[in-house]
Amino acid sequence: NSALPGTPRLRVLTVPKDSPAVRDNYSAQADGGASLGFACLPSAQLAGLQPSAQFEVTVPRPDKADSYTVRERYFHAPENVLLPCVTRPADVAPIATLDPTVGVGGPAYAGIVVADVERELRFYRDGLGMEKTRDIELREPELLAAAGLPTDAVVRFVQVSAPGTTSGMLTLLDLGAKGVRNEHQHPPARGLVLWTFPVSDILIARDRVKRAGGVIIAGPLATTTPLFGSFQALTVRTPAGVFLELVAATAQ
């Protein structure tokens with residue numbers, strides 16, 4: 001339901017069959033893109049899939065005034081991508097605008113496992129102007145098991161987003177010593193490997209990400225696609241090895 005306001009778009013690219021996978025199974029233990037989270041009504045289904053796990057977890061409210069209970073169901077998508085389906089109580093806004101015809105909204109966030117969340121957080125803040133909107137520790141054994149993680153792990157869960165947005169967030173997951181380093185978290189690997197963000201000025205963005213510890217991989221390059229029209233693109237690698245594409249529209 002990408003036509004809903006503020007909803008990110010997914011691009012599916014075909015790569016050679018012998019390309020490595022970002023992850024060999026549904027465990028979110030290794031670095032790189034691991035999950036796409038959706039808002040769901042209790043009765044919602046995702047593409048006819050059966051949930052691999054379902055449970056309830058108590059988390060702080062965004063304003064930290066209280067806690068509330070969330071129902072989560074985990075689905076297995078192709079290429080070992082986890083799909084958490086999050087149902088919040090009626091008095092808490094869903095994590096994405098819900099499409100009432102299917103009871104699903106999003107994707108609301110992408111979950112990325114990183115080795116050093118503080119270093120990555122500085123990059124998104126100083127390089128892309130994002131804000132930290134949530135920072136909590138997750139210890140619930142059911143949640144950890146659903147994500148294929150050791151049940152004795154402590155996962156730091158940090159959300160970042162552009163100022164003023166309520167969906168389309170990045171969730172940075174730091175497993176500390178329980179994390180596994182990953183050499184296959186970039187194109188043309190199969191799985192979640194590239195995130196695209198619009199910027200107003202590609203040269204200013206280039207200089208900012210370099211100062212924030214990012215590495216320029218390619219660009220700026222002028223190109224045209226049906227999705228973005230005419231634009232300049234810059235491919236960068238974050239300190240955690242995550243690949244991003246920054247795009248700035250060009251005058252017609």
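The values are calculated or read from the model by the stated rules, or taken from the named source; none is laboratory data. Being a predicted model, the structure only gives us computed values, none of them experimental. We place every Cβ from the backbone using ideal geometry, glycine too, and count neighbours over all the protein chains shown.
Looking for whichever is of a type in the set (Lys, Arg), surrounded by 13 or more Cβ atoms within 10 Å (Cβ to Cβ), closer than 28 Å to Glu137 by Cβ and within 20 Å of the chain's Cα centre (by Cα) here; the options are Arg190, Arg237, Arg181. Which one fits? Even if it seems obvious, please write down each step before you answer.
Values: Arg190 fails: closer than 28 Å to Glu137 by Cβ; Arg181 fails: surrounded by 13 or more Cβ atoms within 10 Å (Cβ to Cβ).
Criteria check complete, one pass: Arg237.
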Restricting segment 98-122 to residues that are assigned to a loop (DSSP other than H, G, I, E, B) and small (Gly, Ala, Ser), which is modelled with the lowest pLDDT?
Gly103
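Within segment 123-156, work out how many residues are of a type in the set (A, V, I, L, M) and either under 30 Å from Ile204 (Cβ atoms) or in a loop (DSSP other than H, G, I, E, B) (or both).
So in segment 123-156, the residues of a type in the set (A, V, I, L, M) come out as 128, 130, 136, 138, 143-147, 149, 153-155.
From the residues that got through so far, the ones that are either under 30 Å from Ile204 (Cβ atoms) or in a loop (DSSP other than H, G, I, E, B) (or both) too are 128, 130, 147, 149, 153-154.
Total satisfying the criteria: 6.
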If we keep only residues of segment 28-73 that are in contact (Cβ under 8 Å) with a residue 60 or more places away in the chain and of a type in the set (Phe, Trp, Tyr), then the residue surrounded by the fewest Cβ atoms within 10 Å (Cβ to Cβ) is Phe55
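Give the number of residues within segment 31-66 that are among the aliphatic types (A, V, I, L, M) and at pLDDT below 75.
At the first step, the residues of segment 31-66 found to be among the aliphatic types (A, V, I, L, M) are 34, 36, 39, 41, 44, 46-47, 49, 53, 57, 59, 65.
Still in the list and also at pLDDT below 75: 46-47, 65.
Selection size over segment 31-66: 3.
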What single numbered condition from (1) touching a strand residue (DSSP E or B) at 6+ places or on another chain (Cβ under 6 Å); (2) buried (at least 16 other Cβ atoms within 10 Å of the Cβ); (3) assigned by TED's automatic domain parsing to the domain that holds Ala145 fails to hold for Val81?
(1)
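In segment 73-97, how many are assigned to a loop (DSSP other than H, G, I, E, B) and closer than 11 Å to Ser52 by Cβ?
Quick first cut of segment 73-97, residues assigned to a loop (DSSP other than H, G, I, E, B) only: 88-97.
Going one step further and asking which of them are closer than 11 Å to Ser52 by Cβ, we end up with none.
Selection size over segment 73-97: 0.
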Of all residues in segment 197-232, which are under 21 Å from Val12 (Cα atoms) and touching a helix residue (DSSP H, G or I) at 6+ places or on another chain (Cβ under 8 Å)?
Phe197, Gln232
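Only one of Pro239, Pro163 is out of contact with any Cys (no Cβ under 8 Å at 6 or more places or on another chain), in contact (Cβ under 8 Å) with a residue 60 or more places away in the chain and assigned to a loop (DSSP other than H, G, I, E, B); which? Talk me through it step by step, then tell me what you get.
On the way: Pro163 fails: in contact (Cβ under 8 Å) with a residue 60 or more places away in the chain.
After ruling out the rest, the residue left standing is Pro239.
Can you report the number of residues in segment 222-249 which are under 29 Å from Val113 (Cα atoms) and touching a strand residue (DSSP E or B) at 6+ places or on another chain (Cβ under 7 Å)? Please lay out each step first, then the result.
Initially, segment 222-249 is screened for residues under 29 Å from Val113 (Cα atoms), giving 227-228, 232-248.
Next cut, touching a strand residue (DSSP E or B) at 6+ places or on another chain (Cβ under 7 Å) only: 228, 232-238, 242-248.
Total meeting the criteria: 15.
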